[in-house]
1. Ordered by packing density, taken as the mean number of other Cβ atoms within 10 Å over each peptide's residues, highest first, how do 299-308, 129-138 rank?
2. Using label points projected 7 Å from each Cα along Cα→Cβ, tell me how many nm separate D177 and D350, to one decimal.
3. Distance from a point 7 Å along Cα→Cβ of F434 to each backbone N in segment 328-365: keep the residues under 16 Å and list them by number.
4. Among the DSSP beta bridges whose two residues both lie in the chain, what percent are antiparallel, rounded to the nearest 5?
5. What does the extension gain come out to for Y462 and R417, with contour length at 0.36 nm per residue minus their alpha carbon separation?
6. What is the percent carbon and sulfur in the accessible area of the chain, measuring with a 1.4 Å probe over the protein chains and ignoring ligands?
7. What helices does the chain hold that run 15 Å or longer along their axis, going by alpha-carbon atoms, with a Kyte-Doolittle average of 0.5 or more, using DSSP H for the helix calls?
8. Are there GluC sites (Glu not before Pro) in segment 149-257 that DSSP puts in a loop and that have at most 11 other Cβ atoms within 10 Å, and which ones?
Amino acid sequence: MTCIEYDKERQECLNYLHHDDTRYDKITKEHKGSLEWLWIHEKYQKWSSSERSSLLYIEGKPGSGKSTLAKYFRENLVGMEQNTSSSIIVKYFYTHRGTTLELTHENMLRSVLYSILKKDETFFFHFQSEFRKFRLSNDSKWPYTSLQQILLSLAHHPFAKKLYLILDAMDESEENDRRKIIGLLCRLCAESQSCIVKIFFASRPISQFNHEVKMDHHVIRLQDENEKDISEFARSFLGPDLDLPPEILNQATEYIIEMAQGVFVWVYLVKEQLLKYAEMGCTKRQIFNFLRSLPTELDAFYRDILRKLEKREEPDIKDGLRMFRFVLFTYRPLRLAELRHALAIPDDPDAEFLTSDESFEGDLIYSINKRVVHCGGNLLEIKGLDEYRSVQFMHHTVREFFLWYNKPATELEFQTRFRMSDGDSHIRISITCFRYLMLCAANTSLEMVPPSVNDDWTPEQYEAYAEYLNNRPFINYALSHLTQHIERC
């Protein structure tokens, strides 16, 4: 086979494997000066310096900063470790806050294998026979078992290579086959020969990990190591932003460290509440007393935020509820422009709906980003750049909170207007999608409409209507996912 044919086949293989990791760019960057303890940690150094393939398991509570640490490691590895500039570094971040595909192990394998093959063509012979079988089968999807076989075959790569595989949030992945995938990764390390595989693995405690990983690999419990990072983060707003005197600053910092118990998300929520409270004008002692009055558990904090949101004006409550519903039940995150258009469509089956551009334009929210912040409290955030900005929960524990308290068994435990049942939510999103499509179909301007159904549109009419649809950003989501929402009603 000539070099040209070889590379052409490799490029075709890459095209089948290609996948975008949408989660990585949305992960919060570390606070300045934090996480530097990693490089000198005893277990990290044993894992890093060993010439054997092995796995480093970063075990952490929900909200303790695992994803931030995984991103920090990826972005600083080459600068902090010698002889890594020629290493192959690949990553995958599972997430509930992306498309449903981003939860799957199949997608992880596709993404990881794509990155390895993209960075080093010498690995292609591991793919070649499986890729040819796949093409001959005429299947539309590369078989999952075939992807597993290819990954495991990398252990027998004949050249001396160093491969870093960074995996985050497997606790957010689909449970099906989770133990098998963890076992596959352990086998990859155990069977590797010339190719040294270093797996950096971050997750909350899960039984499958304890069984498969802890016996032969290195484990760092994040909440046991991040006390200094939390202290520095707390001081960064208690001092400069609130101007607390040294005595109260020290007391407040010690209190936050004790109550946080390694959970950064709790400290972030404390920061937002304290800064908002201080805006009203108060004494330093009052600030400290307010700090001590805040909930010390994430669930209690989220309940407290919802209670405050329920005291808002009725339009604020309705918009907030719809935002939470879209973030929780859509099949991918909505971009800001999509959410703005979706909110302009009434989702109540009994509400009057006019398929009029004039009526629709009158219901569009301006300054949608400010509206999200106002109606979502501290539970929603906007991530991304420019037209790709999307709305998501500020942390996956918020998603888990809503799912838990939407269960019928918890109805008496916590009464809230923000309770959303699965069936009703999909009905309302279906109505929104269907009415939006009705709006788009009904509003062709008079000059675009042919005199009769038997006459064809001119190219100018097609172009004008295409331009109209181009200014209707929610149409792609409505067309792609309406059927899925109807099936869940």
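1. Highest to lowest by the protection proxy: 299-308, 129-138.
2. 4.7 nm
3. 345-355
4. 20 percent
5. Taking Y462 through R417 to full extension adds about 11.7 nm, to one decimal.
6. Within the chain, the accessible surface is 50 percent carbon and sulfur.
7. Those that clear 15 Å and a mean of 0.5 are 264-278, 422-442.
8. E175
The values are calculated or read from the model by the stated rules, or taken from the named source; none is laboratory data. Keep in mind it's a predicted model, so treat the numbers as computed, not measured. With ideal geometry, Cβ positions are generated from the backbone for all residues, glycine too; neighbour counts draw on all protein chains shown. Each accessible area value is taken on the protein alone, full model and side chains, heavy atoms only, with ligands, DNA and RNA left out. Shrake-Rupley method; radii C 1.70, N 1.55, O 1.52, S 1.80 Å.
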